[in-house]
1. Take Ser61 and Asp46, extend 7 Å from each Cα along the Cα→Cβ direction, and tell me the distance between the two endpoints in nm.
2. What relative contact order, as a whole-number percentage, does region 11-82 give when Cα pairs under 8 Å and 6 or more residues apart are counted?
Amino acid sequence: MTRQGSASPFNKSKPVNLGAGMGSTFRDLVDLIRELTKYSRLIGGDTSKPDGQPKRSLDVSRAQKEFGFEAKMPFREGLKLTIEWYREHSAIHNEPADSENHC
């Protein structure tokens, strides 16, 4: 990876988070994906056994500091485009995006 406006590579060992810098619960993310994919089946989980953080938010300040990264697209729009890309490319490889054998 090279820095924005620079030909020098980024060669540091610490991880760098890329993202919109907004927080989200897993449930909110699932609901948004269901909405954008028009997936109508219920998705359940065992809420009596919470696991991990109730809400996740990436710290993207290192990306801004190290190579000037700033998300230019709202998260919802980026997710929508990602879903569209996946559907187009899974069809090319004869893997129906709406099949029962999805991840």
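1. 3.8
2. Numbers: 50 pairs, mean separation 37.0, N = 72.
Averaging sequence separation for qualifying contacts and normalising by length gives 51 percent for region 11-82.
No lab work stands behind these numbers, since they all come straight from the coordinates. The shown structure was predicted, so the numbers you read here are calculated from the model rather than taken from an experiment. Glycine gets a Cβ as well: all are built from the backbone with ideal geometry, and neighbour counts include every protein chain shown.
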